[in-house]
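Written out below as structure tokens is the structure these notes cover.
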Amino acid sequence: MRRVFSSHDLLAAHHAKNLLESSGIRAEVRNERLASAMGELPPAECQAEVWVVLDGDAARAERLLREGVPVSGAPWTCPHCGEQLEPQFAQCWRCAR
Ligand SMILES: [Zn+2]
């Protein structure tokens, strides 16, 4: 399992998952419940996440998502290193998580 996408926007996460699955990549959305609790928890802890089931799909999935998922919303903060990231990046460039 590897995380390939995270967003405060639950719809964006589901869109990402659908995009991956339509390309034959098995994926699942995590933290759905947390994402809906926005406002009660620190934002970095309640992002919806999309994980690919097979690690070998991760690179293809990331490329697909970079090219295929609409840019939405605001800059986000990496939950692992605190880096500020622009919304078009689905993954932290600093720590690659
Ligand atoms: Zn980071």
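The values are calculated or read from the model by the stated rules, or taken from the named source; none is laboratory data. Just so it is clear, the model here is predicted, and its values are computed rather than measured. No Cβ is skipped: glycine too gets one built from the backbone with ideal geometry, and neighbour counts run over all protein chains shown.
General observations
- Qualifying residue in segment 14-37 (condition: within 16 Å of the ligand (Cβ to nearest atom) and at pLDDT 90 or above): no
- Of the residues making up segment 41-97, those that are within 16 Å of the ligand (Cβ to nearest atom), modelled with pLDDT under 75 and outside any loop (DSSP other than H, G, I, E, B) number 3.
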